[in-house]
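One structure below.
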Amino acid sequence: MKDRSDRLVRKIVIVGGGTAGWMTAAALSHRLCGLGLDITLIESAEIGTVGVGEATLPQIRYFNQALGIDETELMTATSATIKLGIQFCDWGRIGDSYFHPFGAYGDTIGPADFHHYWVRQAGRSGCEPFGNFSFPIVAAEAGKFDLPGPQNEDGPTAYSYAFQFDASLYAAFLGRFAQQRGVRRVEGKIVSAALDGENGFIRSVSLESGETFGADLFIDCSGFRGVLIEQELKTGYEDWSEFLPNNRAYAVPCEMMGPLSPYTRATAREAGWQWRIPLQHRVGNGHVYCDSYISDQDALDQLMTTLEGKPLAEPKQLFFATGKRRKMWSRNCVAIGLSGGFLEPLESTSIDLIQSGIDNLVALFPEQECAVSDADEYNRLMDAEYARIRDFLMLHYVANQREDSPMWRDFRESQMPDSLAAKIDAFKSRGLVPDFTQGLFLAPSWLSVFIGQNVMPETWDPRAGILPKQELETKLGQVSATIRKGVDAMRTHSRFIAESGAAFQPPEAGQRQ
Ligand SMILES: Cc1cc2nc3c(=O)[nH]c(=O)nc-3n(C[C@H](O)[C@H](O)[C@H](O)COP(=O)(O)OP(=O)(O)OC[C@H]3O[C@@H](n4cnc5c(N)ncnc54)[C@H](O)[C@@H]3O)c2cc1C
């Protein structure tokens, strides 16, 4: 067998210094530090970053842990708050409210999955709401948080958490981290690329200044533009607007009023939905909408008239088309972040997709020839991730009973992918939530949306029927009581931040943001 270590990629150019670019630079410089990589990141202050992306998923903690980043330090640097899940208001019907928490529901009380026992009791007098059987939901509603201890690893009190942070500060934090590990940062605008006449590989990129940068591997983190993957390699875009038609957003920060809630809120509106993401020093707000159903002005007015505090900046408008590149890895170019695709931010999945892109790249780290089989496998994995998330997002729209506006009626009738239709059928008929073999959202997430949006199964797992009624009521009562007791013992979210040393320390003047 031949030793091909001399064929490994050594020189990497990352295009873009947004969240995707700096996450990639930080991860490669740390996780592959033994390879002697020469990494250059090129970013353009003139173009700037998308400047939104504040809510994350618990997986981000594994990303940070793999880099050895201390969570308290991260929180102080990025104004981070804790996120225990997302509260969805007015989604099934106006007036409804439910949570998608970071944790499972209930406990093992027999051979069937917990939710079947609850479904058996649902609607009967004395049956508590499904959310009372989720530790993170009860904690979120009470505004409580403490770091999980050994007692929170499994059983009814198990939970996880994520962060809500200032994405620009997170990118800057990782920028410092990556540069300390040898990543070179270059400021400038890429205006062209030179392609190899034989295999079409990118050989170099040139800046407006005339400077040229060559590499074995190019990572396109240039945002929606797709400077390399699309403008140069013309990979093509798979448009999923037919499944998820929202295509615009306004974003604006405002002053914080009231207590610091440990969760993100997504409130359905007439022609879209509005996010509320509390950070330590402000609240991030945005209205995601579909321009076929509302004018830009009305969308903006709806956002600005529902802010809880004084706006802290001019609202920013963003345009997007849901979908993904036909190939996220093409030749010697890998697109990570918005350059690879975009699914609307309803479940805060974009940063997680960046993380998956990085993990898959590290796992398949290529030789200079970039074998087609590596690229194919990468694309297969990323395509599956995107499709699973697309289905989960679409569930929020097809499972609505709102009659107040054309958008909700039309979205309910949308043609859905077979994979989603199968999931809904399995739940409606027997309460089953088969896990995808690959994909981000597992059964508890699907249950949250199904039950939260009034989709109930016709029947429950017959094994849940064996437990005598009285015993079932007692066991359910014990589970919710255990959860309440655990939550009662927690600190408030604000107290946790203050006492754990995680209070925001704004960057000093002159420090790169
Ligand atoms: C409305 C909205 C809300 C969102 N909310 C969330 C959320 O809550 N949670 C979440 O996980 N994600 C969210 N996202 C997604 C999130 O914002 C992005 O995934 C994340 O910011 C990564 O962006 P990026 O780094 O890929 O692109 P950008 O931030 O756009 O960065 C692109 C970089 O490329 C550089 N660049 C571009 N062209 C050139 C060139 N020619 N030469 C040199 N440099 C160039 C730019 O200067 C910049 O540095 C949201 C997105 C939108 C649109």
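What follows draws every value from the coordinates through simple rules; no lab data is involved. Keep in mind that what you see is a predicted model, and the values were worked out from it rather than measured. Neighbour counts run over all protein chains shown; Cβ positions are idealised from the backbone, glycine included.
Shown here for segment 213-261: trypsin sites (Lys or Arg not before Pro) in loop regions (DSSP other than H, G, I, E, B) with at most 13 other Cβ atoms within 10 Å, namely K234.
The ranking of C333, C33 from fewest to most other beta carbons within 10 Å of each one's beta carbon is C33, C333.
Counted by Cβ distance under 11 Å from E128, the other residues give a net charge of +1, where Lys and Arg count +1 and Asp and Glu count -1. Each Lys or Arg adds one and each Asp or Glu subtracts one; over the other residues with Cβ under 14 Å from the Cβ of A489, this totals +3. Stokes-Einstein diffusion of the chain at 37 °C, 0.692 mPa s viscosity, Kirkwood radius from Cα pairs, rounded to a whole number: 136 µm²/s. Taken about its Cα centre, segment 1-144 carries a charge dipole of about 500 debye when Lys and Arg each add +1 at the Cβ and Asp and Glu each add -1 at the Cβ. Ordering G357, W329, W240 by the projection of their Cα atoms onto the charge dipole of the chain, which places +1 on the Cβ of Lys and Arg and -1 on the Cβ of Asp and Glu, puts G357 at the extreme positive end.
Remark: relative contact order (segment 295-389) = 27 percent; criterion is Cα-Cα distance under 8 angstrom and separation of 6 or more residues.
Legend: ranking of residues W240, W275 from fewest to most surrounding C-beta atoms inside 10 Å; resulting order W240, W275. Estimated at 0.36 nm per residue, the fully extended path between R176 and A384 surpasses their Cα-Cα distance by 71.6 nm.
In this calculation the C-beta distance from Q297 to E369 is compared with R0 = 41 Å, giving a FRET efficiency of 0.20. When the GluC sites (Glu not before Pro) in segment 143-233 are filtered for DSSP coil states and for at most 16 other beta-carbon atoms within 10 Å of their beta-carbon, the remaining sites are E153, E198, E208, E211. Local charge for L364 was computed over the other residues whose Cβ lies under 9 Å away, with Lys and Arg +1 and Asp and Glu -1, and equals -2.
To the nearest 10 degrees, how steeply does helix 167-180 sit against the main Cα axis of the chain, on a 0 to 90 scale? In the chain, helix 167-180 runs at an angle near 50 degrees to the longest axis. Calculated [222 nm] ellipticity per residue, helices only, for the chain: -10000 deg cm²/dmol; basis is -39500 (n - 2.57) per DSSP H run with n ≥ 4, divided by all residues, nearest 500.
Shape call for segment 1-70 from the C-alpha gyration tensor, a ≥ b ≥ c root eigenvalues: rounded (a/c under 1.5), prolate (a/b greater than b/c) or oblate? Judged from the Cα gyration tensor, segment 1-70 comes out oblate (a/c at least 1.5, b/c at or above a/b).
A cut-off of 5 Å between modelled amide H atoms, ignoring neighbours fewer than 5 places along the same chain, links G341 with R325. Overall, the anisotropy analysis places segment 34-170 in the prolate class: the square-rooted eigenvalues a ≥ b ≥ c of its C-alpha gyration tensor yield a/c not less than 1.5, with a/b exceeding b/c.
Placing +1 on the Cβ of every Lys and Arg and -1 on the Cβ of every Asp and Glu, with nothing else charged, gives the chain a dipole about its Cα centre of roughly 620 debye. The Kirkwood radius of segment 350-408, taken over pairs of alpha-carbon atoms, gives through the Stokes-Einstein law at 4 °C and 1.567 mPa s a diffusion coefficient of 94 µm² s⁻¹. Pairwise Cα distances in segment 157-243 exceed 20 Å in 55 percent of cases.
The alpha-carbon of K324 sits under 17 angstrom from the alpha-carbons of these lysines, leaving out residues fewer than 8 places away in its chain: K234.
Using θ = phi - 60° in the Karplus curve 6.51 cos²θ - 1.76 cosθ + 1.60, the 3J(HN,Hα) couplings for segment 374-390 round to 5, 4, 4, 5, 4, 5, 4, 5, 5, 4, 5, 4, 4, 5, 5, 5, 3 Hz; x is entered for Gly and Pro.
Site pair K475 and D376 shows an inter-label distance of 4.8 nm when each label is modelled 7 Å from Cα along Cα→Cβ.
Shown in residue order for segment 462-479 are the 3J(HN,Hα) couplings computed by the Karplus curve 6.51 cos²θ - 1.76 cosθ + 1.60 at θ = phi - 60°: x, 5, 6, x, 6, 5, x, 3, 4, 5, 4, 4, 5, 5, 4, x, 5, 4 Hz (x for Gly and Pro). The reciprocal of the average 1/r between distinct C-alpha atoms defines the Kirkwood hydrodynamic radius, which for segment 243-401 equals 17.4 Å.
Quick check on segment 354-471: take the gyration tensor over C-alpha atoms, sort the square-rooted eigenvalues as a ≥ b ≥ c, and tell me if it's rounded (a/c under 1.5), prolate or oblate. Oblate, since a/c reaches 1.5 and b/c is not below a/b. Legend: ranking of residues S339, S405 from fewest to most surrounding C-beta atoms inside 10 Å; resulting order S405, S339. Ignoring aspartates and glutamates fewer than eight residues from K310 along the same chain, the ones with Cα atoms less than 13 angstrom from its Cα are E255. When you restrict to C-alpha pairs under 8 Å that are six or more residues apart and normalise by the size of segment 237-373, the relative contact order lands at 28 percent. Projecting the Cα atoms of I229, A194, F427 onto the charge dipole of the chain, computed from C-beta unit charges around the Cα centre, puts F427 farthest toward the positive end. Per 5 Å bin, what percent of the C-alpha pairs of segment 158-206 does each bin hold, from zero upward? With 5 Å bins starting at 0, P(r) equals 5, 14, 12, 13, 14, 15, 11, 7, 5, 3, 1, 0. Modelled spin-label separation between S206 and D425, with each label point placed 7 Å from Cα along the Cα-to-Cβ direction: 5.6 nm.
The residue among I294, Y98, M382 whose Cα reaches farthest toward the positive pole of the charge dipole of the chain, with charges on the beta-carbon of Lys, Arg, Asp and Glu, is Y98.
Placing +1 on the Cβ of every Lys and Arg and -1 on the Cβ of every Asp and Glu, with nothing else charged, gives segment 33-76 a dipole about its Cα centre of roughly 180 debye.
Across the chain, the mean sequence separation of Cα contacts (distance under 8 Å, 6 or more residues apart), normalised by length, yields a relative contact order of 23 percent. Ignoring lysines fewer than eight residues from K423 along the same chain, none have Cα atoms less than 21 angstrom from its Cα.
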